[in-house]
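Novice: Handing you this structure, nothing more for now.
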Ligand SMILES: Nc1ncnc2c1ncn2[C@@H]1O[C@H](COP(=O)(O)OP(=O)(O)OP(=O)(O)O)[C@@H](O)[C@H]1O
Ligand SMILES: [Mg+2]
């Protein structure tokens, strides 16, 4: 019965939405401290290639490969982030764009290691690996009434969903804390933040590195979901796409990345005709958003309003009791 | 000795904003720092808080060298300031502004915040309560959920003071807190400043409103063209011929009387 | 051999320099980086393809067409993507994001209009060459070099000596003061953006002639090169753009000659990062507080 409900195609789309949410979050968290990174595609590539090379060439377990990808992306984040502190906003963006392109050119040119423009195929698939592990202990997807491939898509989706829920909790809580307040203080006025005793350097590098690690994580997951990656996946286009998720959905709040990534991933899937013009639409969206709603569809005010309404309803509830 | 300014000079390209200025502040006093426009008062604040590095000279705080530290380290040591051109966090609510001021007196990092540990919750509650108390002190408790940018001018100035107080300073630097305030607000400001002093906080006050300065300060240092031209009690300063000359040389709005 | 490479480098460098001029002008006046400049330049290059190869018309017409099209694009860019953001206190990032939007739009529009992949540029000059001693020189190279230099001189003259140029410099110095002094800053800004775009369009045609291949993605790589040059030469600095262009052109030629042609495009990015970190004000800029 479950078997008829589960359509691998929908699950695949849902999985991409989840990966895109992680990417949107990577922009959100760097912007939280007032920094714009156009290097997310580069950090994503670092994560993806690290785990792809480790798992295909050295048969490293997936988990280790993914973690290595995240760590390496984080290290690159620190390396790019620390010196970039000296740069004013616009130049940081350009330096990160330069970083992304260097990563791509490097991958294209080190054919012996990365297979160059052809890309790496046969990367172990997340769902497949999990199923293999489970089969060893005697699990059979038939128990759930599922075919093997349905099960693999389902398990990938569930896993990504858990990761995203954890990340969303992580960043919402961080936002409403001392760390989050430090980020937004820096975003609004660096000098005032410093005079309030906030270590601007530390928090800027922290937020930049968190962003890099998120992008690296998304890249690593992407590699194991698709099982094929090439430099074409990590171009300037990708960086702009990721930026659009956050800018359109709302760059001030965690919910913005969720909305932006979901809406913009579903749009071309549901309206096939649009798919071809996707990047043109992204472009128009960026321009229109900057002109009319620079904070994105979902903003802080909206969240406050929701919270107040929720608060009132709860109050109401207790009064009725 | 709370603060000791020792032979501070500051050059901006060709302009000498401060030359060989020395003075010190003793515990519990309100020291006024006055002088005509461009005299170098704000520059002195920037030296003390390490926003800019002095060209020469040094500063010590409770007998400890603080020149060369970063701004945030100086705040942690116990010196906090307000700005001449108000610098609130405009998109934060009033209470968030004040809670941000507690940053250097709290510790929760990323992990504690994310796991909402007991100590983190405790800390959040403490700074929330403290922020409410400070807002009460500056008479902004009712506005606590308003965004900083939506406050009236005088309210913004008071919020900046509350935010600075949240960092638990031993020395508070106020840069023209009365600017843009009406008479009534200025009277309240005077009360607020003395109240802060009574909390045990030493105050260095830059102000152009002479009646306020004369009424509030225990001692006054006068700068003109980057040089210290006088130092003493309000009475003596008022009748100091050098000071009168310096002020007469500029427009009348700083009338010293 | 060496001389040929040198001439190659100088030709490429002089084109890069005029790409950079477009960034410099807009940055000088508006203080923003126009991320769509590369794509406007690419549209200019495609005018060269359409006029000469597709329609078989003479080369000078391509220059006219490129100037007209890029002027229109510049006008639209200023009206739709820049003006609405002005006078808003919040963000220095908004114009950057907005022009990124324009860049991605134009690139994909070109892809739809002209088709992806490389398009050749044909003209009577492309094969003409002569030999001095052992050195083979293409006429195109001379033409490109002369046009670039002429453009530089004309622009410098215009900026320094004419009323319009003075208004532009006054606006660049300080927008509010200029408008108090009676400069119509709205118009100056429009003129700046259009002028920068037209210069970009002309650079596009020159690139088509020099490399004989034009594609929708070239905006990004040339744009980044232009950015590298102004970062190297200092923002809002015409002389810096020229010297920076030469340095980049020559170092790229050197890298190719050494056999690392795959890394040719990486030089600009590496230059961007190194300069930004070591000397953010550029080689010729002075440090501002
Ligand atoms: N960052 C800076 N760069 C260059 N010059 C500066 C800088 N800051 C201050 N100055 C110059 O130093 C001098 C002193 O300025 P400062 O702001 O300290 O004066 P002030 O006493 O606070 O005046 P006011 O009463 O108008 O606030 C002025 O001539 C000013 O132009
Ligand atoms: Mg001042």
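Novice: Stretch residue B:245-residue B:141 to full length: gain in nm at 0.36 nm per residue minus the Cα-Cα span?
Specialist: Result for the pair: 33.0 nm of gain on full extension.
Novice: Follow-up. Take chain A, connect every pair of alpha-carbon atoms lying under 10 Å apart with a spring to form a Gaussian network, then pick out the residue of A:64, A:297, A:136 with the largest mean-square fluctuation.
Specialist: Judging by the Gaussian network model, the answer is A:136.
Novice: If you don't mind, there's one more thing I want to ask. So how far, in whole Å, is the C-alpha centre of the range B:109-155 from the one of the range A:78-134?
Specialist: If we compute the Cα centre of each part, the gap is 41 Å.
Novice: Average partner chain C-beta neighbours within 10 Å, per residue of A:161-169?
Specialist: Going residue by residue through A:161-169 and averaging, the value is 0.
Novice: If all Cα-Cα distances of the range C:1-71 are sorted into 10 Å bins from 0 onward, what percent lands in each bin, rounded to whole numbers?
Specialist: Reading the bins upward from 0: 19, 35, 32, 14, 0.
Novice: Residue B:110 versus residue A:140, label points 7 Å from Cα toward the beta carbon: distance in nm?
Specialist: Result for the modelled spin labels: 4.6 nm.
Novice: Another one. May I ask for the angle, rounded to the nearest 10°, between helix C:2-30 and the longest principal axis of chain C, with both axes built from Cα atoms and the value confined to 0 to 90°?
Specialist: The angle comes out near 20 degrees.
Novice: Relative contact order for chain C: what percent, with Cα pairs under 8 Å and sequence separation of 6 or more?
Specialist: That works out to 37 percent.
Novice: Hey, another quick one. Could you give the nm distance between label points at residue A:12 and residue B:150, where each point is 7 Å from its Cα heading toward the beta carbon?
Specialist: If labels sit at residue A:12 and residue B:150, their model points lie 4.8 nm apart.
Novice: On average, how many beta carbons from a partner chain sit within 10 Å of the beta carbon of a residue in B:112-118?
Specialist: Mean inter-chain Cβ contacts per residue within 10 Å come to 4.
Novice: May I pose another question? If you wrap a convex hull around the alpha carbons of the protein assembly as shown, what volume per residue comes out, as a whole number of Å³?
Specialist: 206 Å³
Novice: If you don't mind, another one. Could you work out how far helix C:93-114 tilts from the main Cα principal axis of chain C, as a 0 to 90 degree angle to the nearest 10?
Specialist: Compared with the principal axis, the helix lies near 40 degrees.
Novice: How large is Rg/Rh for the range C:81-189, to two decimals, with Cα atoms and a Kirkwood Rh?
Specialist: Numbers: Rg = 21.4 Å, Rh = 18.7 Å.
Radius of gyration relative to Kirkwood radius: 1.14.
Novice: How high is the relative contact order of chain A, in percent, with contacts defined as C-alpha pairs under 8 Å that are six or more residues apart? Walk me through the numbers before you get to the answer.
Specialist: Details: 493 pairs, mean separation 106.7, N = 321.
About 33 percent, as a whole number.
Novice: Using the Kirkwood radius over C-alpha pairs as Rh, can you work out the diffusion coefficient of chain C via Stokes-Einstein at 20 °C, viscosity 1.002 mPa s, in µm² per second?
Specialist: This corresponds to a translational diffusion coefficient of 111 µm²/s.
Novice: I need the calculated FRET efficiency for the pair residue B:133 and residue A:86, taking r as the beta carbon distance and R₀ as 45 Å, to the nearest 0.05.
Specialist: 0.70
Novice: Same structure again: Please give the peptides B:198-207, C:129-138, B:162-171 ranked by average Cβ packing (other Cβ atoms within 10 Å per residue), highest first, as a rough proxy for protection.
Specialist: Working: B:198-207: 19.3, C:129-138: 11.5, B:162-171: 23.0.
Listed from highest to lowest mean packing, they are B:162-171, B:198-207, C:129-138.
Novice: As an exercise, use a Förster radius of 35 Å and the Cβ-Cβ distance of residue C:130 and residue A:117 to find the FRET efficiency, rounded to the nearest 0.05. Intermediate results must be reported in sequence, preceding the final value.
Specialist: Values: r = 38 Å, r/R0 = 1.09.
After rounding, the FRET efficiency stands at 0.40.
Novice: Here's something else I'd like to know. What distance in nm separates the simple spin-label points at residue B:194 and residue B:70, each placed 7 Å from Cα in the Cβ direction?
Specialist: So the label points at residue B:194 and residue B:70 sit 4.1 nm apart.
Novice: For an R0 of 25 angstrom, estimate the FRET efficiency from the Cβ-Cβ distance between residue C:137 and residue C:260 and round to the nearest 0.05. All intermediate terms of the calculation are to be shown ahead of the outcome.
Specialist: Values: r = 25 Å, r/R0 = 1.01.
For residue C:137 and residue C:260, the calculated efficiency is 0.50.
Novice: Across all directions of projection, what mean area in square nanometres is found for the Cα convex hull of chain B?
Specialist: That works out to 14.3 nm², a quarter of the Cα hull's surface.
Novice: Let me ask something else. Tell me the relative contact order for chain B as a rounded percent, counting alpha carbon contacts under 8 Å between residues six or more apart.
Specialist: Averaging sequence separation for qualifying contacts and normalising by length gives 27 percent for chain B.
Novice: Taking 0.36 nm per intervening residue step and subtracting the Cα-Cα distance, what contour gain separates residue A:148 from residue A:301 on full extension? Could the numbers behind the result be given before it?
Specialist: On the way: separation 153, 0.36 × 153 = 55.08 nm, distance 4.60 nm.
That works out to 50.5 nm of additional length.
Novice: Summing -39500 (n - 2.57) over the DSSP H runs of n ≥ 4 in chain C and dividing by its residue number, what mean residue ellipticity at 222 nm do you reach, to the nearest 500 deg cm²/dmol?
Specialist: -23000 deg cm²/dmol
Novice: Now a separate question. Find the centroid of the Cα atoms in the range C:94-146 and in the range A:205-252, then give the distance between the two in whole Å.
Specialist: A separation of 31 Å, based on Cα centres.
Novice: OK, next. Return, for the Cα atoms of the range B:88-166, the radius of gyration and Dmax in Å, separated by a comma.
Specialist: Reported Rg and Dmax, both Å: 12.8, 39.
Novice: With axes computed from alpha carbons, what is the tilt in degrees of helix C:37-48 against the longest principal axis of chain C, rounded to the nearest 10 within 0 to 90?
Specialist: Helix C:37-48 sits roughly 40 degrees off the main axis of chain C.
Rule-based calculations on the coordinates, nothing more; no lab input. On a predicted model such as this, the values are computed, not experimentally measured, just so you know. Because the Cβ atoms are built from the backbone with ideal geometry, glycine has one as well, and the counts that use them run over all protein chains shown.
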